[in-house]
Each structure stands twice: as structure tokens, then as C-alpha cells.
């Protein structure tokens, strides 16, 4: 017995159980306990088998086995729980508690099909258990099976009408199915039961902003000072459009990081063991498809210097097709789809690639997997492009910025070391295709001769302050219209109602349908001036407008998201279109809208600068970015010895 291996013997015993050879399994577990009397797995398994021998599914040994499994689960030993529970449910298929533990462990491991099976069995065994329906709904929602998840949450609520969490998650599923008013009502119901649930409140406020129900802004102002900055976290992304306050945004991110990333990082190999050669850089995103982020990033991926950098892209999005995805996959040496991998498997895979720098392109935006970074994927980890603000997380070492988006006066509100690129932080692609045929204004419902103010930002970025100004401008510029992005029918109805309330005919709002990117770029020719939103500026939409030759007027705020358009205008050589207050913003827009010669001069300057200034010089941007990566990597290697 000198070569006695506990793990091997446990596997042998479990194999015997699966084959129905329970006496042999009992013998093996007993042999393990003779040598290692404190082995919890063997003791739990033997107790369960003894319960089986007695034929009592509610026996004391089985209860002990369940308790021990629960203890293991609370210790975070989910793999052990899943393995042991799978064996036990074979012997006790009518035990709802065992199936529930099996479902919970597999959910934590990212094995969603097995998790759904486990929770589904609980529902079959005990259909009157509200928690079981709720748990199954959680897994189905993660799998994207929203209609089934909705049914599960509704079943849970029927059984337990005061189930606040079920109402909240029902709201999320309804939101993801595009049923926004129903989602808002579900969030409101959750808050009637649990008014202190700040996370649910952020969900409600953001969906209200998506449909331009601006009561959300008033509600946010009343609670903003302590909202998400105490001990209870909120999703930091959801608050960016509601206020321009970098101190509070940083605090929200800090509380969120502390609450959601509690597992300690896994140790990395010592720097001395890392291989020499090209710097290995990994980009992580769920948006490797026809998405605004990829429209910005495509040029950088194309121009990366392969002699100095080895590039990896890790995709975890559900969309796995499209022209942009194919283009980038062809431009990158290693395109790796990790969408179906549970977190630990993804971490192990990535660590096997020995990255030097891991770059999070999502941050705290929707469907992020920043939790992978919390376990440490590479010696250096960065927040870049996707999330316009600090993550306040100790596992993010750098944020990529520029002197405009993070000025010295606001430096204290960013936990990361700042990589300040010499021009704009935002990459752009100078090979974007624009459709040759832009059609006529009438094709888009625009007047042939009236002035067209344009804002293609997402509806949630608009608030009553911008809209008040835009309506005053429509009142002062005869025959003008405001061209907005069509997001959903409820936003359109609310905006028309808001215009009417300000004395502007609703027909002076024109809504643009979603188009393929090349056609979207082409239609900008029909607008005269892009007017920006405040707390959350135009990002990709600003780059689109400038690339298409459409000038932008912005008001520079304090936080990162409120200074992006100013960064882009500086890099394209048009700082005169940056204003510092709402009054200056309104005055400049009115002046440009009523002085055709001045506007024509601005448009001519943009046309000249577009291909001569740094903003759309993709090669120059890439070299600057690569230089920054080399600098921080060199500093890291020197500090590591």
C-alpha cells in the first residue's frame, strides 16, 4: 500500500457506484477512512451509501451526506460538490436537495446544460418550491433562453408573490427580449417589495432612460449622492449617463469591484521563467462581430507590428459571424473563441498562452467577463476603449487615455496607472468603407432645404438638459429638424411628447433606422451639424460623423465619458468646436446654424484635416500605442528583476 493514492481510490469507488457495485464502493471508502479518517469526501460518500443500503431516502446518513456537500459548497469546492452530487443523485434520484446542489455547483462551474438539468429536476420533484423555479430561470437566462426564463420567474412569483429577486430578474429577462415597458414595471414591483435594492433601481433607471422617460433623471438626482457609493454596489456603467461626477463614479466602481471580485488572484509564473521574444498581447471582448467597438479597433488589429507583437483575440460573445469578425480573425495570429468555456477553463487556457499584457475591451459594460482578469491572466492588465472610466479594481493596472479625457485636474479619480497617448486615446480605422450612393434627403424623411441637427447617440445618453437646448434651437432656426437614432418605439413616442410640451411640433423630430455601417456613414452627408450629449458623449458615433465630414459641437465635462468628443475634436484639429458650458454650447450651435459661411469654413477645415491630422492616422496611432505597450512592459520586467 506504499503507493496508496486517495484520489485514485476515490475515483475507483465512484466508478463502482456508477456501475451499481455498491458493496465494493463501500469497501474502498472504508479503506480510505482507515488510513485517512478525516477525509470528508470518503466519509460523505460512505454515509450516503449506508443510507442507500437501508433503503431510506431520508435517512440520517443521507442527511449527513447532504450537509457535508453543502459545507463543501460554502467552502467554494464546487468541483468536488459537482462530482460527488452526480454520484449521489444516481442513487437518490428523488432527492431535490441533491439535484439542487448539483445544479448550483454546475452553474458556478459554467456547465450550464448540467445546471439546467439539475434545477429542472428539482422543479419536477418539488414544483411548489419557488426557489427552484427561480434558480432554473437564472440558468436559462444566462443561456439566452429568455422566454423560458420568463416563464420560470413568473412561476416563482405565483408561488411567492413577494419574491423581489424574481421580479428583478424577470425584469432583466423581459429587457433582453426587448419588452422594455414590461421590464420597467417588473423592476418597479421588485422595488415596492425591496425599496433598498440599489442594483434593481439602476436597472429600472437605465431602462427608463432607454425609452426617454426622464423621470429617471429626477429620481437619480434625488438619490445620487449616496447611490452606489456606500456598502451596497450598483452597476457603474448604468450611472454614467445620469451625472458628470468622476469622484462618485470612481467610488461606485470601487464598491462594485470589492463586492463582485472577492476571489484572490491566482499566482502567475515568476517573471524569470517567461520566454523571450515578441510581446504577447491578448484582447478580450464579447464584441468581436459587427459592433461599434470593432469598427474602431479593426485598423489597429490590421496595423499591429507582427515582428514585435504576437496578438491574441479572445472572443466570448454569442454572435459568431459577420464581415467584421471574419476580417479581424484573418488579421490576427490567434483568434480564440472562449464563449463556451467556464471561467476556470478559460483562465487555464489563456494562462497556457503566457500573455505579457491582457487588455479588457469591455470593462463594466454589459456582458463583460472582467472577472477573468480578477484571477490574473497576465502580469500586466489594462482597461481600454470599452468602458469610459476607472474600474477601481486592484487587478487592472493601467487605463489607456490621453491628456483630454483624463486631465491632470481629475487624475485623483482613477485607480489605474494612466497611459496617456499623445493624441486621442480612441483608435480609428482609416480604411472604413462608405457607401457610394447616399440617396436623397427625402429618402430619410428630411427636408430638402431646412437645417438638419443630428445626434445619432443611443437614446439613454440624452437627458432633459440637452433636449431643452435642442428644442430652443429648433425654435430659433426656421425650418430646421432634429435627426435622431431610432432605438425603440417608446423612446420615439416620449421624445415627440417632450417636443410638443416645449412648443415644438413633433414632426420636426426625424428618426433614423439602423443601417449597415457603410450606408450609415454615407447618410451623414444629409446632416449639417452633429450636436453632442453631455454626461456620456458620442464615442463611435462621433468618429463616424467626423470620418463622414460632419462637424460636432460638444460640451466638455469632467468625467472620462463626458470628454471623449473633446478628445476626438482635438486630435482632428478642431478644438474650436469644444465648449465649456451649456450656454457656450447653445450659442456656438446657434451661430453655426445661422451663419452658413462660418459652418462652411468649419466643414472645409474638417475635410482638409480628416486625413492629415492624427485622429484618422491609423498607422501613427498604432505605433504610438505599441510604444506605450513596450514602455510599460519594459518597466515591468525591470521591476521584476
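Among the numbered conditions (1) at pLDDT below 95; (2) more than 23 Å from the chain's Cα centre (by Cα); (3) under 30 Å from residue 547 (Cα atoms); (4) not in a helix (DSSP H, G or I), tell me where residue 289 comes up short.
(2)
Can you tell which of 422, 403 is in a loop (DSSP other than H, G, I, E, B), over 19 Å from residue 523 (Cβ atoms) and in contact with a helix residue (DSSP H, G or I) (Cβ under 7 Å, 6 or more places away or on another chain)?
Among 422, 403, only 422 is in a loop (DSSP other than H, G, I, E, B), over 19 Å from residue 523 (Cβ atoms) and in contact with a helix residue (DSSP H, G or I) (Cβ under 7 Å, 6 or more places away or on another chain).
One residue is enough: does the range 533-553 have a residue meeting the conditions surrounded by fewer than 19 Cβ atoms within 10 Å (Cβ to Cβ) and at pLDDT 95 or above?
Residues of the range 533-553 surrounded by fewer than 19 Cβ atoms within 10 Å (Cβ to Cβ): 549.
Retained after the next criterion (residues that are at pLDDT 95 or above): 549.
Yes - at least one qualifying residue is present in the range 533-553.
For every residue, the table says whether it meets (1) buried (at least 17 other Cβ atoms within 10 Å of the Cβ); (2) over 30 Å from residue 557 (Cβ atoms).
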site	(1), (2)
324	yes, yes
330	no, yes
367	no, no
393	yes, no
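Filter the range 1-41 down to residues that are loosely packed, with under 12 Cβ neighbours inside 10 Å and outside any helix (DSSP H, G or I), then give me how many there are.
Here is the first cut: in the range 1-41, the residues loosely packed, with under 12 Cβ neighbours inside 10 Å are 1-5, 7-8, 19-20, 23, 34, 37-38.
Adding the requirement that they be outside any helix (DSSP H, G or I) leaves 1-5, 20, 37-38.
Result for the range 1-41: 8.
Here's the yes/no breakdown for (1) in contact (Cβ under 8 Å) with a residue 40 or more places away in the chain; (2) touching a strand residue (DSSP E or B) at 6+ places or on another chain (Cβ under 6 Å); (3) not assigned by TED's automatic domain parsing to the domain that holds residue 539:
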| position | (1), (2), (3) |
| --- | --- |
| 360 | yes, yes, yes |
| 366 | yes, no, yes |
| 369 | yes, no, yes |
| 374 | yes, no, yes |
| 382 | no, yes, yes |
| 387 | yes, no, yes |
| 400 | yes, yes, yes |
| 413 | yes, no, yes |
| 433 | yes, no, yes |
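One line per residue, one yes/no per condition, for (1) modelled with pLDDT of 95 or more; (2) buried (at least 17 other Cβ atoms within 10 Å of the Cβ); (3) within 22 Å of the chain's Cα centre (by Cα):
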position: 141; (1), (2), (3): yes, yes, yes
position: 187; (1), (2), (3): yes, yes, yes
position: 190; (1), (2), (3): yes, yes, no
position: 225; (1), (2), (3): no, no, no
position: 240; (1), (2), (3): yes, yes, yes
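Just wondering, is there one or more residues in the range 247-261 that are exposed (fewer than 15 other Cβ atoms within 10 Å of the Cβ) and without any contact (Cβ under 8 Å) to a residue 24 or more places away in the chain?
no
Test residue 442 against the criterion of being free of Cβ contacts under 8 Å to residues at least 60 places away in the same chain and surrounded by fewer than 20 Cβ atoms within 10 Å (Cβ to Cβ), and give yes or no.
yes
Only one of (1) assigned to a loop (DSSP other than H, G, I, E, B); (2) farther than 19 Å from residue 251 by Cα fails for residue 230. Which number is that?
Every condition holds for residue 230 apart from (2).
Of the conditions (1) over 23 Å from residue 72 (Cβ atoms); (2) part of a helix (DSSP H, G or I); (3) in contact (Cβ under 8 Å) with a residue 40 or more places away in the chain, residue 144 fails just one. Which one is it?
Condition (2) is where residue 144 drops out.
Looking at the range 183-220, which of the residues that are in contact (Cβ under 8 Å) with a residue 40 or more places away in the chain and assigned to a helix (DSSP H, G or I) is nearest to residue 156 (Cα to Cα)?
By that ranking, first place goes to 206.
Out of 584, 597, report the one residue that is over 26 Å from the mean Cα position of the chain (by Cα), farther than 16 Å from residue 458 by Cα and without any contact (Cβ under 8 Å) to a residue 12 or more places away in the chain.
597
Taking the conditions exactly as written (modelled with pLDDT of 85 or more, out of contact with any helix residue (DSSP H, G or I) (no Cβ under 7 Å at 6 or more places or on another chain), under 26 Å from residue 135 (Cα atoms) and part of a helix (DSSP H, G or I)), does residue 117 satisfy them or not?
Against the criterion (modelled with pLDDT of 85 or more, out of contact with any helix residue (DSSP H, G or I) (no Cβ under 7 Å at 6 or more places or on another chain), under 26 Å from residue 135 (Cα atoms) and part of a helix (DSSP H, G or I)), residue 117 qualifies.
The conditions are (1) outside the structural domain of residue 357 (by TED's automatic domain parsing); (2) under 24 Å from residue 520 (Cβ atoms), and residue 248 fails exactly one of them. Which is it?
Every condition holds for residue 248 apart from (2).
Working only within the range 320-344, note down all residues that are under 24 Å from residue 374 (Cβ atoms) and assigned to a loop (DSSP other than H, G, I, E, B).
Within the range 320-344, 338, 339, 340, 341, 342 qualify.
Scanning for something in contact (Cβ under 8 Å) with a residue 60 or more places away in the chain, in a helix (DSSP H, G or I) and closer than 23 Å to residue 370 by Cβ, does the range 299-319 turn up at least one residue?
First, pick out the residues of the range 299-319 that are in contact (Cβ under 8 Å) with a residue 60 or more places away in the chain: 299-300, 302-305, 308-309, 318.
Applying the additional criterion that residues be in a helix (DSSP H, G or I) yields 299-300, 302-303.
Cutting the leftovers down to closer than 23 Å to residue 370 by Cβ gives us 300.
Within the range 299-319, one or more residues are in contact (Cβ under 8 Å) with a residue 60 or more places away in the chain, in a helix (DSSP H, G or I) and closer than 23 Å to residue 370 by Cβ.
It is to be established whether one or more residues within the range 97-106 are outside the structural domain of residue 338 (by TED's automatic domain parsing), out of contact with any strand residue (DSSP E or B) (no Cβ under 7 Å at 6 or more places or on another chain) and not in a helix (DSSP H, G or I). Before you say what the answer is, go through the steps one by one.
First pass over the range 97-106, keeping only residues outside the structural domain of residue 338 (by TED's automatic domain parsing): 97-106.
Next cut, out of contact with any strand residue (DSSP E or B) (no Cβ under 7 Å at 6 or more places or on another chain) only: 97-106.
Now drop any that are not not in a helix (DSSP H, G or I), which leaves none.
For the range 97-106, residues outside the structural domain of residue 338 (by TED's automatic domain parsing), out of contact with any strand residue (DSSP E or B) (no Cβ under 7 Å at 6 or more places or on another chain) and not in a helix (DSSP H, G or I): absent.
Considering 60, 50, which residue is more than 21 Å from residue 343 (Cα to Cα), modelled with pLDDT under 85, out of contact with any strand residue (DSSP E or B) (no Cβ under 7 Å at 6 or more places or on another chain) and buried (at least 18 other Cβ atoms within 10 Å of the Cβ)?
Answer to the selection: 50.
The values are calculated or read from the model by the stated rules, or taken from the named source; none is laboratory data. This one's a predicted model, so the numbers in the text were calculated from it and none came from an experiment. Virtual Cβ from ideal backbone geometry, glycine too; neighbours counted across all protein chains shown.
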